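Bear in mind these aren't lab numbers, they're just calculated from the coordinates by the rules spelled out. Given the structure is predicted, the values throughout are model-derived calculations rather than measurements. Quick reminder, even Gly has a Cβ in these numbers, built from the backbone with ideal geometry, and neighbours come from all protein chains shown.
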Amino acid sequence: MPEPTSTPARPKIQQIIGVYDGLSARIADQFGFDWLHVGGYNISGSQFAMPDVGLLTLSENLDAVRKIVQCTSRPVMVDGDDGYGNYLNVMRLVREVERTGASAIHMEDQVLPKKCGHMAGKRTVPTETFVSKVKAFVDTRKSDKFLLFARTDAIATGGFEDAIDRGNRYLEAGADVIFVEAPVSLEQAEAIPKLIRGPVMYNWVYAGKSPLIHPDALARMGYTHYLQADVLYAVSHALQAYFGELRATGTYGTAAERMITFDQFNQLVGLDRIRAAEQRYEG
């Protein structure tokens, strides 16, 4: 089993890693990432084998978030989609997610049903509609440390200038960090931190619309956070290889090179704590 390695300190940018259940959170926790991220894409894909097109409900999202928060010591960011409705739904979203022990929500200005930010066919609500959601979020949260990452998908719908205008309007309304989704060029990516008057997050998506810019370069551009939520791409590849080997040979074959052992897995999921409890309470 590979030993976790420490992440080099990057004081100017924070790394946010996608997880989708308790086990993935437990493994990610060993590596000391700045944040973990619970995305609608990953929950829809892992739990229901469905795409990220606004099919996940608040209750389904919360169920996953509660399990993940219990399996990590890291701050957790939750994908709040469009807020699941209007400002009233946002108020409920904030109350429910804050109770789980998560540390932040990112919420977007799409029309319901929303779509993954790197898919075609997105639609955005009027700026003022989302401003009201931002204000409702800020007024509802119990702690200023519970952060709102306000996402705009307007590059795809109204153009780059509209996205910048929306980002700054959302900051004025009280958002903590702005997430301009899916810049389509290096030039757009470089311009965003210069034009947004506050902290900004960049989204890595493997084979998506945006260039995969090294985090050191992102930090130099002025980004404060970057998100890498593509965990299911790696998991799906590993499972295809594992199941393919079992079907082709009837054995673990070469798949065994990418497996941990029975004892290592039991250690990972905390069997030693169960054994300690047995000794303490059963004698």
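Each peptide in 18-26, 95-103 was scored by the mean count of other Cβ atoms within 10 Å over its residues; highest first, the order is 18-26, 95-103.
Per the Kirkwood formula applied to alpha carbons, the chain shows a radius of gyration over Rh ratio, Rg over Rh, of 1.00. The angle between the Cα long axis of helix 186-195 and the main principal axis of the chain comes to about 60°, on a 0 to 90 degree scale.
Indicate the gyration tensor shape class of the stretch 204-257 (rounded, prolate or oblate), computed on the Cα atoms with a ≥ b ≥ c the square roots of the eigenvalues: a/c under 1.5 is rounded; otherwise a/b larger than b/c is prolate and the rest oblate. Taking the square roots of the gyration eigenvalues as a ≥ b ≥ c, the stretch 204-257 is prolate. With all pairs of separate Cα atoms included, the stretch 237-282 yields a Kirkwood hydrodynamic radius of 12.6 Å.
For the stretch 181-283, the spread of Cα coordinates along the three principal axes comes to 63, 45, 19 Å, biggest extent given first.
Going by average Cβ neighbours within 10 Å, how do the peptides 120-129, 253-262, 27-36, 168-177 rank, with the highest at the top? Before the final figure, lay out the partial values.
Values: 120-129: 14.6, 253-262: 11.6, 27-36: 17.1, 168-177: 20.3.
Per-residue mean Cβ counts within 10 Å order the peptides as 168-177, 27-36, 120-129, 253-262.
With each label modelled as a point 7 angstrom along the Cα→C-beta vector, the Ala191-Thr251 pair spans 5.9 nm. Where the convex hull is taken over the Cα atoms of the stretch 9-127, what is its projected area averaged over directions, in nm²? The orientation-averaged projected area of the Cα hull of the stretch 9-127 comes to 8.0 nm².
What's the ranking of 78-89, 199-210 by average number of surrounding C-beta atoms within 10 Å, highest first? Numbers along the way, then the final one.
Numbers: 78-89: 21.0, 199-210: 19.1.
Put in order of decreasing packing, that is 78-89, 199-210.
I'd like the orientation of helix 58-69 relative to the chain: the angle between its Cα long axis and the longest Cα principal axis, in ° from 0 to 90, rounded to 10. Result, in degrees: 50. Only Cα sites of the stretch 153-213 enter the Debye sum here, all with the same form factor; the resulting log10 I(q)/I(0) across q = 0.19, 0.26 1/Å is -0.63, -1.13, listed in q order. When the pairs Lys122/Lys209; Lys133/Lys209; Lys145/Lys194 are compared against a 23 Å limit on Cα-Cα distance, Lys133/Lys209; Lys145/Lys194 fall above it.
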